[in-house]
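Please read the structure below before turning to the comments.
The values are calculated or read from the model by the stated rules, or taken from the named source; none is laboratory data. Quick caveat, the model's predicted, so the values are computed rather than measured. Cβ: placed from backbone, ideal geometry, glycine included. Neighbour counts: every protein chain shown.
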Amino acid sequence: MTKALQMKLACDDTGILSAMQEPPAGYKGLSGFHKYWGKKPTEAWRFLIANLTERNDIVLDPFLGSGLIARECIDLQRRFVGFDINPISIELTKFYLGLPNYKDLRNAIEKIEKNLKSIINKMYLLPNGSIATHFLWERDQITKIWTKNGRNRVEVSLNWDEIERFQNIPQYKPKSLRDLHLFDNSRINAKESFSLADLFTPRALYAIDLLKEEIEQFDGSTKRALLLVLTSSVGQMSNMVFAISKRGKTKGKEIDRIEVGSWVIGYWRPEQHFEINAWNCFENKARKLLKAVKESGEQKQIYISDTITDLLRGNGRTYISLGDSEFLLKYIPSNTIKVILTDPPHGDRIPYLELSEIWNSILATDSNYADELVISNAKERKKDINNYNKKLNLILAECFRVLVDNGLIAVMFNARSNDHWNSLNELNKIYKFDYIGCYPMEYSACSVVQDNRKGGLKTDFVLLYGKNISESSKRDITNTFKNIQGWSTKYPRGA
Ligand SMILES: C[S@@+](CC[C@H](N)C(=O)[O-])C[C@H]1O[C@@H](n2cnc3c(N)ncnc32)[C@H](O)[C@@H]1O
């Protein structure tokens, strides 16, 4: 454990970790390297792990998401079991558990650069010999082309024929990605008919295909890291990067400036959008990851057990599996887990698999839409609140079964309407979970996704329950948590 972390974990007189009273630091370095929807701050996990578990305890999270919780558990010498239905989530978790060796990653990036940079850049080669960094599109017309002179952006003027050459390129069908599978969902601007060709230019698709094929030649943690570099950079390679118009003054003159936005969430294709040089997008992310891996220092590879039985027998420190938790939890024997820390999909804000479709198409893995726990506006999916509540109940019933007596479950949750709180509200009634209390969670609202509170209360809550919990354990936990600002033994309410 680093010194800084030890200091953050130092308890004050009342046993409360001071870290919880401070705003989270945000997602930097490794934790900020890849986008994931609904990421929770690592401080929040660290706090729960440190307060509710002891060294070598097994922590279970049936809704892994970004996988940051797994890394926190391992750093604090706990064992960990995690599931998620989203393939990208499992790749991210395995990445955090087995970071690539810095030199191997650097050599791999250099090799990719040697083999592909000039091939990809040829597609952006301008008549003056420079390489285009950005095309600004208005519908299907290129209206501006930028290149770079040193660090400065330079606009290049081309005649109509020259522009045509960049604008009208034949379609390209990628060989190494699987086709998109989306649904009509106006909330995220998705259409069932969308193919990769609707979201990327043929130029970008060709570059992505080349990069994917090149990455396939590596193996182990280097290959996984490179694939994640690719998935993390494709948003910026797409036709979904909006343009920001700004009015400003230069040397007293009024000027209109256009800045490059970013791909944020969903499948909105702005009429005015940027196409960014695909090599630059990949290289930027690769350099950022390389820096983060270097800063994280020498890392031990964490042995991931082949089966849950292996882990329970003491072989390995983690077990990670892709799939539906309702099904996977059945492999865990009853009364074996001391603590579950989890953050299920809440309310109707984030259709995880639909939003991750481009990433999963690059990984060439199928999306198991049928078993996802979610409320989706895509009517075809028939994922409404009733079947959400039913499924969450079944999963929580399994959680109850696998917990030992006096075992604890901390659930992060946020929903605006009381209907959405129902599954949790029912917990004490149906499964005899004892409700201990809840507290609001400091949130690093660094992204539009996190900040988009339509369908959510302002803050997330952490709700604590126990299984057949003794009065003395309940008292101990209450004494630890009651000094957190906002701690309450009442239930949070929807609006
Ligand atoms: C709120 S997110 C978790 C975010 C995570 N705590 C983090 O900090 O990144 C909920 C997760 O549940 C997953 N999920 C949805 N249905 C599932 C199911 N049936 N089984 C397992 N995971 C599921 C989603 O893919 C998503 O990653």
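For the reader, a short list of remarks on this structure follows.
- Scan of region 337-349 for residues that are within 7 Å of the ligand (Cβ to nearest atom) and more than 13 Å from L64 (Cβ to Cβ), ordered by number: H346
- Selection from region 367-387 of residues that are aliphatic (A, V, I, L, M) and within 10 Å of the ligand (Cβ to nearest atom): A370, L373, V374
- Among the helices (runs of 4 or more DSSP H) confined to region 372-440, the ones with at least 2 residues that are under 17 Å from D324 (Cα atoms) are located at 385-402.
- Residue under evaluation S334, criteria (1) within 10 Å of the ligand (Cβ to nearest atom); (2) at pLDDT 95 or above; (3) not in a helix (DSSP H, G or I), criterion not met: (1)
- Conditions (1) part of a helix (DSSP H, G or I); (2) surrounded by fewer than 16 Cβ atoms within 10 Å (Cβ to Cβ); (3) within 24 Å of the chain's Cα centre (by Cα): number failed by D366: (1)
- Top-ranked residue in region 374-394 [being touching a residue at least 60 places away in the same chain (Cβ under 8 Å) and surrounded by fewer than 22 Cβ atoms within 10 Å (Cβ to Cβ); ranked as farthest from E216 (Cα to Cα)]: L394
- Count of residues meeting criterion [more than 16 Å from P62 (Cα to Cα) and aliphatic (A, V, I, L, M)] in region 312-337: 1
- For region 388-406, the set of residues classified as farther than 23 Å from T478 by Cα and either of a type outside the set (A, V, I, L, M, F, W, C) or within 10 Å of the ligand (Cβ to nearest atom) (or both) consists of Y388, N389, K390, K391, L392, N393, L394, I395, E398, R401, listed by residue number.
- Residue within region 195-213 that is loosely packed, with under 12 Cβ neighbours inside 10 Å and either over 25 Å from the mean Cα position of the chain (by Cα) or in the same structural domain as M123 (by TED's automatic domain parsing) (or both) present: no
- Residue match in region 331-347 (condition: over 26 Å from F47 (Cα atoms) and either touching a Phe, Trp or Tyr at 6+ places or on another chain (Cβ under 7 Å) or outside the structural domain of Y465 (by TED's automatic domain parsing) (or both)): no
- Total residues in region 474-493 satisfying the condition of being of a type in the set (G, A, S) and closer than 10 Å to G437 by Cα: the figure is 1.
- Condition met for I49 (farther than 30 Å from S157 by Cα and within 16 Å of the ligand (Cβ to nearest atom)): yes
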